[in-house]
There are 10 protein chains.
Amino acid sequence: MLFLVRMDVRIPHDLPLEQVNDIKAREKAYSQELQRDGRWQSIWRVVGEYANYSVFDVASNDELHELLQGLPLFPYMDIQVTPLARHPSAI
Amino acid sequence: MLFLVRMDVRIPHDLPLEQVNDIKAREKAYSQELQRDGRWQSIWRVVGEYANYSVFDVASNDELHELLQGLPLFPYMDIQVTPLARHPSAI
Amino acid sequence: MLFLVRMDVRIPHDLPLEQVNDIKAREKAYSQELQRDGRWQSIWRVVGEYANYSVFDVASNDELHELLQGLPLFPYMDIQVTPLARHPSAI
Amino acid sequence: MLFLVRMDVRIPHDLPLEQVNDIKAREKAYSQELQRDGRWQSIWRVVGEYANYSVFDVASNDELHELLQGLPLFPYMDIQVTPLARHPSAI
Amino acid sequence: MLFLVRMDVRIPHDLPLEQVNDIKAREKAYSQELQRDGRWQSIWRVVGEYANYSVFDVASNDELHELLQGLPLFPYMDIQVTPLARHPSAI
Amino acid sequence: MLFLVRMDVRIPHDLPLEQVNDIKAREKAYSQELQRDGRWQSIWRVVGEYANYSVFDVASNDELHELLQGLPLFPYMDIQVTPLARHPSAI
Amino acid sequence: MLFLVRMDVRIPHDLPLEQVNDIKAREKAYSQELQRDGRWQSIWRVVGEYANYSVFDVASNDELHELLQGLPLFPYMDIQVTPLARHPSAI
Amino acid sequence: MLFLVRMDVRIPHDLPLEQVNDIKAREKAYSQELQRDGRWQSIWRVVGEYANYSVFDVASNDELHELLQGLPLFPYMDIQVTPLARHPSAI
Amino acid sequence: MLFLVRMDVRIPHDLPLEQVNDIKAREKAYSQELQRDGRWQSIWRVVGEYANYSVFDVASNDELHELLQGLPLFPYMDIQVTPLARHPSAI
Amino acid sequence: MLFLVRMDVRIPHDLPLEQVNDIKAREKAYSQELQRDGRWQSIWRVVGEYANYSVFDVASNDELHELLQGLPLFPYMDIQVTPLARHPSAI
């Protein structure tokens with residue numbers, strides 16, 4: 001079951017740099033693990049913005065929320081979720 | 001080069017049904033041809049809406065506009081284009 | 001799997017009354033059938049508006065889209081879907 | 001009398017962690033007490049967001065405001081209230 | 001129980017004048033009857049707009065919806081309802 | 001001459017509590033004085049929000065601005081003013 | 001007492017040309033009469049739009065609404081009114 | 001003096017095709033004449049939309065409005081004008 | 001050449017009071033100097049808001065930007081500029 | 001391949017002045033280098049705002065994102081990118 005997810009990162013400018021770097025490193029590892037197991041199907045950078053569009057393939061709404069809430073950057077992101085269905089013209 | 005495209009279809013309710021059906025049939029054929037040649041990489045229905053999110057893979061902005069403008073439904077759609085770049089966490 | 005759905009009805013004022021009444025009668029029957037089988041869990045009127053908030057319980061995004069697209073009023077509604085997850089404070 | 005309520009939590013990132021944890025614990029207890037007495041009928045997490053949709057069943061606007069204003073997280077939330085009425089198609 | 005209601009009138013320009021005048025006459029009578037029985041407490045014109053702000057005093061959400069849905073202009077208005085509570089500084 | 005005024009209070013979370021309490025006490029006294037002299041005709045709490053809708057009865061725009069600017073909470077509020085006129089259906 | 005008024009003209013494209021021309025001629029005469037008597041203090045075209053910003057000098061909200069409602073183009077305009085007060089830096 | 005102008009074309013779907021084609025032909029000629037005399041400095045298509053961004057170089061606001069108002073498509077466009085100034089980093 | 005300018009002042013609440021008072025004093029002097037030389041034609045307070053609408057009469061976009069950028073409050077304001085043209089009904 | 005880019009600068013007011021000046025100096029140098037090599041084709045100041053509209057000429061979305069992400073002011077800007085195509089009326 002697919003969902004399009006947009007994440008806008010807004011890290012407060014007064015967060016210590018060391019903490020920011022640690023969060024980003026853990027975010028990258030977390031994301032790549034989910035990409036490898038197939039649930040984080042795609043991730044693209046939005047040109048010119050600290051934001052991404054991603055496609056997730058999960059079994060339920062609860063599973064998706066658990067994945068997103070577990071993101072190290074979760075407290076510093078605005079996230080919008082759009083449920084997707086099969087398109088009748090898709091081949 | 002990837003672009004995320006959202007299309008919202010708004011067909012006027014007083015368009016003759018026959019004309020609408022003809023447009024939709026041509027739209028489907030057009031879309032499937034572009035999917036087959038790899039330039040219309042993905043198309044998903046937005047749940048609950050007469051709308052889709054699509055990913056296009058084209059060589060230039062001009063090529064993308066030409067493809068979109070050629071859609072039989074083009075005069076009856078609101079289209080939003082978001083240019084995508086490679087994400088540093090993508091595997 | 002639960003989804004909150006808001007439907008805003010916008011019937012064009014020049015649609016023949018007979019046709020409108022037929023659509024509304026079929027809409028009501030369709031809705032009550034889905035309520036009875038448990039997939040349309042709740043439906044409430046938004047006070048002062050020709051709109052409703054509903055909760056759907058379905059097995060997948062595809063199933064939800066199929067249900068919504070089948071609504072006799074579908075061509076005359078703006079629909080917004082919000083996926084819901086279990087809340088940690090829910091008893 | 002039913003109301004749909006959306007709550008978006010926005011805790012300032014520089015609030016001491018201990019204070020945040022205390023507020024959240026009291027919030028959970030407060031919410032569960034109201035759920036048990038039947039006035040906080042439902043609470044769902046919005047997938048991907050630190051937000052919930054809830055349904056309240058109260059006797060008056062004043063009672064609802066008192067309940068919401070008493071939330072330990074009240075100073076850190078954006079709250080939107082939609083009054084609901086019985087839908088003619090509800091079974 | 002008080003509610004603030006904003007009504008924006010949008011009559012289609014191709015509605016026959018006679019029909020419009022009939023609706024407006026019935027709207028005025030309907031409004032004045034509710035004002036006299038105390039449930040439509042106040043009605044003010046928004047300066048420069050074909051719109052009003054009104055205060056209703058009703059016993060329930062259902063009663064308010066029934067009143068509003070009964071407005072002869074209901075099919076041609078956008079209506080927004082805001083539930084009001086007693087303010088702690090009110091004398 | 002009547003005006004509908006909406007005030008949304010946004011007190012910064014790092015303002016000292018003592019200062020906040022002092023401002024609120026002065027705000028209440030200021031509001032009640034204006035209610036007693038008839039210029040602050042009504043004040044209602046917006047359910048679920050730290051906000052109010054009020055009706056002011058003043059002789060001029062300048063007088064209204066002076067009253068609003070004098071509010072102890074003025075620096076911490078978003079205020080929207082809507083001029084009202086007599087409605088032709090008002091009894 | 002001054003008010004800033006923005007008017008956006010939206011004449012339906014299927015209104016007979018003769019009727020449109022008649023409305024525009026009456027609008028111009030009406031506007032110039034009010035400019036001459038000093039109540040319509042200024043009128044400027046918004047560059048690139050079929051819209052104007054105007055300053056009115058009237059004795060009350062009711063007077064302003066009466067003037068605006070009397071505009072021959074009133075049924076075909078979106079109007080926004082902003083009450084103005086004397087600025088402390090004005091010379 | 002430069003201005004950035006965005007034009008969104010919205011031709012009603014029930015305008016006769018012949019009339020539409022005539023307007024478009026005159027629009028193109030009008031645009032190219034202004035491009036040749038240097039006042040319509042640039043025109044770009046917005047990818048995926050029936051819209052353009054343009055840069056105009058004119059001597060005054062009045063001149064710009066006159067040019068835009070003279071566009072054959074003017075009655076069928078939403079136009080937004082942004083005045084531009086020299087940027088201190090421009091070489 | 002006229003421009004309508006709206007300025008919304010948003011001074012951070014933790015700016016030292018002395019600094020704020022100094023900025024405001026310089027802002028007032030700066031504004032009055034420009035009013036006296038005729039380029040800042042009008043300035044009005046928006047009722048209920050820490051904001052103003054102003055009309056500027058300048059020779060070019062560059063001149064207007066220079067004037068606005070020179071405002072002592074410039075770093076603490078949101079500014080919107082609307083170019084104005086002569087209205088055909090203006091007397 | 002052209003892109004229109006709008007950048008709104010929002011430097012936190014509590015960033016040390018020295019740091020701000022350093023960022024701005026590096027921003028200017030970076031911008032001018034890209035202007036000289038032809039990829040940052042135009043840059044204009046938006047009148048009255050700490051913002052610019054720019055036109056970039058790059059070979060791909062990835063190249064554009066790399067350029068924008070490299071801006072010393074990138075962490076303090078809101079950036080919007082609009083892909084442009086050749087307009088059929090362009091000469």
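If you check D:D8, D:D14, D:D22, which single one turns out to be charged (D, E, K, R), modelled with pLDDT under 95 and farther than 29 Å from E:E66 by Cβ?
Working: D:D8 fails: modelled with pLDDT under 95; D:D22 fails: modelled with pLDDT under 95.
Among D:D8, D:D14, D:D22, only D:D14 is charged (D, E, K, R), modelled with pLDDT under 95 and farther than 29 Å from E:E66 by Cβ.
So which of C:I43, C:I11 is farther than 18 Å from D:I91 by Cα and either touching a residue at least 40 places away in the same chain (Cβ under 8 Å) or under 11 Å from the mean Cα position of the chain (by Cα) (or both)? Please lay out each step first, then the result.
Details: C:I43 fails: farther than 18 Å from D:I91 by Cα.
Testing whether each residue is farther than 18 Å from D:I91 by Cα and either touching a residue at least 40 places away in the same chain (Cβ under 8 Å) or under 11 Å from the mean Cα position of the chain (by Cα) (or both) leaves just C:I11.
Within region A:47-62, can you find the residues that are touching a residue at least 12 places away in the same chain (Cβ under 8 Å) and under 28 Å from A:P12 (Cα atoms)?
Correct list: A:E49, A:Y50, A:A51, A:N52, A:Y53, A:S54, A:V55, A:F56.
Residues that are of a type in the set (D, E, K, R), closer than 22 Å to G:L84 by Cβ and either away from chain H (no Cβ under 14 Å) or surrounded by 15 or more Cβ atoms within 10 Å (Cβ to Cβ) (or both): does region I:7-21 have at least one? Lay out the reasoning, then the answer.
In the first step, residues of region I:7-21 are kept if they are of a type in the set (D, E, K, R); the result is I:8, I:10, I:14, I:18.
Keeping just the survivors that are closer than 22 Å to G:L84 by Cβ gives I:8, I:10.
Now narrow it down to the ones that are either away from chain H (no Cβ under 14 Å) or surrounded by 15 or more Cβ atoms within 10 Å (Cβ to Cβ) (or both): I:8, I:10.
Yes, because at least one residue in region I:7-21 is of a type in the set (D, E, K, R), closer than 22 Å to G:L84 by Cβ and either away from chain H (no Cβ under 14 Å) or surrounded by 15 or more Cβ atoms within 10 Å (Cβ to Cβ) (or both).
Let's see how each residue does on (1) part of a strand (DSSP E or B); (2) of a type outside the set (D, E, K, R):
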site	(1), (2)
B:E18	no, no
B:Q41	yes, yes
B:V55	yes, yes
B:L64	no, yes
B:L84	yes, yes
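Checking G:W40 against (1) among the aromatic types (F, W, Y); (2) within 12 Å of chain F (Cβ to nearest Cβ); (3) over 30 Å from I:A29 (Cα atoms), which single condition isn't satisfied?
Condition (2) is where G:W40 drops out.
Only one of these is under 12 Å from the mean Cα position of the chain (by Cα), within 14 Å of chain A (Cβ to nearest Cβ) and surrounded by fewer than 17 Cβ atoms within 10 Å (Cβ to Cβ): C:Q80, C:Q32. Name it. It would help to see each step written out before you state the result.
On the way: C:Q32 fails: within 14 Å of chain A (Cβ to nearest Cβ).
Result: C:Q80 is the single residue among C:Q80, C:Q32 that is under 12 Å from the mean Cα position of the chain (by Cα), within 14 Å of chain A (Cβ to nearest Cβ) and surrounded by fewer than 17 Cβ atoms within 10 Å (Cβ to Cβ).
Of the numbered conditions (1) away from chain J (no Cβ under 14 Å); (2) farther than 23 Å from H:A51 by Cβ, B:A90 satisfies every one except a single condition; which is it?
All conditions pass for B:A90, except number (1).
Would you point out which residue out of J:R26, J:R45 is farther than 20 Å from A:V47 by Cβ, more than 14 Å from chain B (Cβ to nearest Cβ), of a type in the set (K, R) and assigned to a strand (DSSP E or B)? Reasoning before the result, please.
Details: J:R26 fails: assigned to a strand (DSSP E or B).
Within the list J:R26, J:R45, the selection yields J:R45.
Among all residue pairs at least 6 apart or on different chains, which show Cβ distances below 7 Å where the first residue, located in region G:80-91, is free of Cβ contacts under 8 Å to residues at least 24 places away in the same chain and the second is of a type in the set (G, A, S)?
From region G:80-91, the pairs are G:S89/I:S31.
Among (1) under 29 Å from D:L64 (Cα atoms); (2) hydroxyl-bearing (S, T, Y); (3) surrounded by fewer than 20 Cβ atoms within 10 Å (Cβ to Cβ), which single condition is E:Y53 missing?
That leaves (3) as the condition not met.
Mind checking which residues of region H:66-82 are under 17 Å from G:V9 (Cβ atoms) and part of a helix (DSSP H, G or I)?
H:L68, H:Q69, H:F74, H:P75, H:Y76
Anything in region F:29-39 that is assigned to a helix (DSSP H, G or I) and within 22 Å of I:Y50 (Cβ to Cβ)? List them, or say none.
Taking region F:29-39 as the starting set, the residues that turn out to be assigned to a helix (DSSP H, G or I) are F:29-36.
F:Y30, F:S31, F:L34, listed by residue number.
Has region D:64-74 got at least one residue that is among the charged types (D, E, K, R) and either over 24 Å from A:M77 (Cβ atoms) or at pLDDT below 95 (or both)?
In the first step, residues of region D:64-74 are kept if they are among the charged types (D, E, K, R); the result is D:66.
Add one more test, that the residue is either over 24 Å from A:M77 (Cβ atoms) or at pLDDT below 95 (or both), and what stays is D:66.
The answer is yes; a qualifying residue exists.
Could you list, in sequence order, the residues of region B:52-77 that are polar (S, T, N, Q), within 13 Å of the chain's Cα centre (by Cα) and within 10 Å of chain J (Cβ to nearest Cβ)? Full working, then the answer.
Step one: filter region B:52-77 for residues polar (S, T, N, Q), giving B:52, B:54, B:60-61, B:69.
Filter again for within 13 Å of the chain's Cα centre (by Cα), leaving B:52, B:54, B:69.
B:Q69 - this is the single residue of region B:52-77 that is polar (S, T, N, Q), within 13 Å of the chain's Cα centre (by Cα) and within 10 Å of chain J (Cβ to nearest Cβ).
Of the residues G:E18, G:E27, G:E33, G:E66, only one is in contact (Cβ under 8 Å) with a residue 24 or more places away in the chain and of a type in the set (D, E); which?
Values: G:E18 fails: in contact (Cβ under 8 Å) with a residue 24 or more places away in the chain; G:E33 fails: in contact (Cβ under 8 Å) with a residue 24 or more places away in the chain; G:E66 fails: in contact (Cβ under 8 Å) with a residue 24 or more places away in the chain.
From the options G:E18, G:E27, G:E33, G:E66, the qualifying one is G:E27.
The values are calculated or read from the model by the stated rules, or taken from the named source; none is laboratory data. Since the model is a prediction, treat every value here as computed from it, not as a measurement. No Cβ is skipped: glycine too gets one built from the backbone with ideal geometry, and neighbour counts run over all protein chains shown.
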